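Presented below is the structure to which this report refers.
The values are calculated or read from the model by the stated rules, or taken from the named source; none is laboratory data. Nothing here was measured: the structure is a model prediction, and the numbers come from that model. No Cβ is skipped: glycine too gets one built from the backbone with ideal geometry, and neighbour counts run over all protein chains shown. Calculation scope for accessible area: heavy atoms of the full protein, side chains included, ligands and nucleic acids excluded. Shrake-Rupley method; radii C 1.70, N 1.55, O 1.52, S 1.80 Å.
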Amino acid sequence: MILYALQKITKVFGSRRILDIDFLEIEEGKIYALLGPNGAGKTTLLDVLGFLEPLTSGEIIFKNRTVKYSENHLQKLRRNVVMVNQKPILFSTSVFKNLDFGLKIRNIPAPKRRLIIEESLDLVGLRHMIQAPAHKLSGGETQRVVLARALALSPQVVLCDEPTASIDLENQVETVNLLKTINEEKNISIILASHDRSQALSIAHHTLFIDHGSISDASYENLFSAIIHNADDGGSTCTITPGIELTLSRQQKGKKRILLDPSKIELLDDGHPHSGPNILNGEILSLSKEKDNIRLMINIGIRLTVFLSSSQYRKKRPLVGDLVSIQIQPQAARIL
């Protein structure tokens with residue numbers, strides 16, 4: 001079943017068009033990851049999906065019903081959706097009272113509230129902290145209580161805005177696993193905004209890349225802000241950061257976003273430093289298998305992803321910590 005259908009929606013703040021989405025459908029019971037750079041429109045889209053922000057134009061259909069932007073209609077819709085922010089706020093009372101508040105204002109009887117709270121804390125592994133003061137929790141514990149508070153309200157949708165951004169690596173993994181468990185055991189739809197593509201791929205059924213407020217078919221890999229300059233030879237030079245400059249075919253000059261296709265970046269063979277046009281040297285930070293490719297993360301002054309086929313990997317055998325040279329062909333670059 002289709003949960004959300006967005007048709008020709010825009011959201012404008014002042015002179016800025018923050019969202020401009022021609023069509024988008026989100027399926028019920030699935031996990032969706034929203035990927036994109038800062039300022040791309042991820043948080044605004046979550047606010048729209050949470051019925052917290054009205055559209056400038058267009059239409060949203062939620063569970064086969066057109067959303068009407070009257071306060072009475074929105075209040076009913078908001079009962080189906082909860083938001084988990086990257087810097088969650090808890091009341092300076094006990095964990096129990098933090099979960100109890102939302103249930104109480106929904107007029108749920110006290111004995112039933114207790115059962116719901118205990119079940120929700122069980123799911124996130126924190127029932128033993130039910131009477132603990134919420135303001136003394138660690139960052140990871142706070143995020144888990146916030147998830148339990150969301151679950152207690154029996155939502156159909158949980159919207160997560162960078163939920164792992166402010167917690168350590170161990171708790172990031174635990175939070176991601178919790179979201180997956182919530183989706184599988186409760187059949188709750190989850191829409192997650194993230195900068196971390198690997199994290200998104202580990203949990204999401206579908207990934208959506210958003211840039212300049214629009215859904216793009218581009219892969220969220222190697223996306224950088226860059227300055228394009230016209231060169232004397234009829235081509236262009238692209239400065240991504242000081243010390244990283246690429247030669248391109250003629251492009252429109254100015255500040256742009258550039259996407260470097262990770263499958264069109266060549267890992268040079270012999271392991272010795274190279275120099276020349278579009279050749280950069282760096283260190284392999286990580287290796288992982290991703291579908292039919294081996295994914296390398298290389299530090300060249302910025303983090304750059306390179307995809308190797310399985311046969312290329314077997315031939316070159318790169319290892320984490322190796323110093324390597326890469327060559328970026330002009331056709332690997334796409335200006336957005």
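A few notes on this one:
- Single residue of the range 237-255 satisfying the filter (over 14 Å from Gln331 (Cα atoms) and of a type in the set (D, E, K, R)) that is surrounded by the most Cβ atoms within 10 Å (Cβ to Cβ): Glu245
- Among the residues of the range 300-323, just one is open to solvent by 60 Å² or more (accessible area, probe 1.4 Å), assigned to a strand (DSSP E or B) and farther than 22 Å from Thr247 by Cβ, namely Leu323.
- Output for the range 204-236, where each listed residue is buried (at least 19 other Cβ atoms within 10 Å of the Cβ), outside any loop (DSSP other than H, G, I, E, B) and either without any contact (Cβ under 8 Å) to a residue 40 or more places away in the chain or not aromatic (Phe, Trp, Tyr) (or both): Leu208, Ile210, Asp211, Ile215, Leu223, Ala226, Ile228, Ser236
- There is at least one residue in the range 47-66 that is among the polar types (S, T, N, Q) and either open to solvent by less than 70 Å² (accessible area, probe 1.4 Å) or assigned to a helix (DSSP H, G or I) (or both).
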